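Undergrad: Could you have a look at this structure, given as structure tokens, before my questions?
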Amino acid sequence: MIHVPTLPVFLFMLNIISLLFFGVDKLKSKRGGWRISDLNLLLVALFGPFGAYVGMLLFNHKTRKAKFLLVPIFLLIHLCLIVYFQLF
């Protein structure tokens, strides 16, 4: 049987969810529907920063809001943690 590490799969799923959150919020903003709060978007971005960053760029969403400058910082933190745990 093939062993698949659960942590990378879990992190991949969190990033996909994060990307979807940004896409849904952008769609709802265009259609005038309910919106996902900035706090929830940032919380999702904290755990899935790669998906959030791609979502910001792909959908051109929340790129001008100052508080969303945290997303690249979250991404750098995750990259540092990945490198740290790969080396040690």
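Laboratory data are not the source of any read-out in this text; all were calculated from the coordinates shown. Fair warning: this is a prediction, and the values are worked out from it, not measured in the lab. Here the Cβ positions follow ideal geometry from the backbone for every residue, glycine too, while neighbour counts run over all protein chains shown.
Undergrad: I need a count of the residues in segment 1-32 that are more than 28 Å from LYS65 (Cα to Cα) and over 17 Å from the mean Cα position of the chain (by Cα).
TA: 6
Undergrad: If a residue has to be out of contact with any helix residue (DSSP H, G or I) (no Cβ under 7 Å at 6 or more places or on another chain) and either closer than 13 Å to PRO72 by Cα or acidic (Asp, Glu) (or both) to count, how many in segment 25-60 make the cut?
TA: 1
Undergrad: Determine which single condition LEU46 fails, assuming it passes every other condition in (1) hydrophobic (A, V, I, L, M, F, W, C); (2) surrounded by 10 or more Cβ atoms within 10 Å (Cβ to Cβ); (3) more than 8 Å from the chain's Cα centre (by Cα).
TA: Every listed condition holds for LEU46 apart from (3).
Undergrad: Any residue at all in segment 49-68 that's surrounded by 12 or more Cβ atoms within 10 Å (Cβ to Cβ), on the phi > 0 side of the Ramachandran plot and of a type outside the set (Val, Ile, Thr)?
TA: Yes, segment 49-68 contains at least one residue that is surrounded by 12 or more Cβ atoms within 10 Å (Cβ to Cβ), on the phi > 0 side of the Ramachandran plot and of a type outside the set (Val, Ile, Thr).
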